[in-house]
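**Q** Before anything else, here's the structure in question.
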């Protein structure tokens with residue numbers, strides 16, 4: 001089993017957004033460069049993250065993407081399921097009449113246990129924690145995070161009169 005490239009990019013982009021100031025909006029091209037992924041692919045991933053309510057977007061001048069809630073409130077499971085859909089290792093795992101062999105199949109308990117473990121690990125890992133680890137590891141490796149080109153709104157100047 002392997003996650004898709006889209007999910008990998010979604011994880012990378014949410015971790016990166018957690019490293020910039022919360023009020024900053026980061027344009028798609030900047031995000032794509034920061035996570036070393038094709039802009040067209042990152043754009044599609046961002047659309048899915050917006051639809052899932054994990055990221056917000058704003059068009060136009062000063063626009064871009066930012067996390068929809070605090071990074072501490074977004075789990076790795078949230079990001080994975082935003083792209084992959086609900087976690088389901090096997091068709092027989094959810095409750096209900098989805099598999100006629102579930103009552104006697106020797107593998108069923110193992111599938112259930114594996115899914116519960118996966119969900120537990122992914123839901124325990126917050127994007128904020130992962131971002132902190134990424135920054136810490138980059139500092140140890142003497143690498144610097146790519147500086148985002150974010151547009152901040154400055155207060156409107158009033159003319160004297």
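Taken together, the values in this text are just the output of simple stated rules run on the coordinates, not laboratory data. What you see is a predicted model; the values in this text were computed from it and never measured. Here the Cβ is made from the backbone with ideal geometry for all residues, glycine too, and neighbour counts use every protein chain on show.
**Q** State, as an integer percentage, the relative contact order of the chain based on alpha-carbon contacts under 8 Å between residues 6 or more apart.
**A** 30 percent
**Q** For a bin width of 5 Å, list the pair-distance distribution of region 5-140 built from all Cα-Cα distances, rounded to whole %.
**A** 2, 10, 18, 19, 16, 11, 8, 7, 5, 3, 1, 0, 0
**Q** What whole-number distance in Å separates the alpha-carbon centres of region 46-80 and region 104-137?
**A** 21 Å
**Q** Continuing with this model, one more query. For a quick protection proxy, order the peptides 77-89, 60-72, 98-110 by their average other-Cβ count within 10 Å, most packed first.
**A** Averaged packing, sorted descending, gives the order 77-89, 60-72, 98-110.
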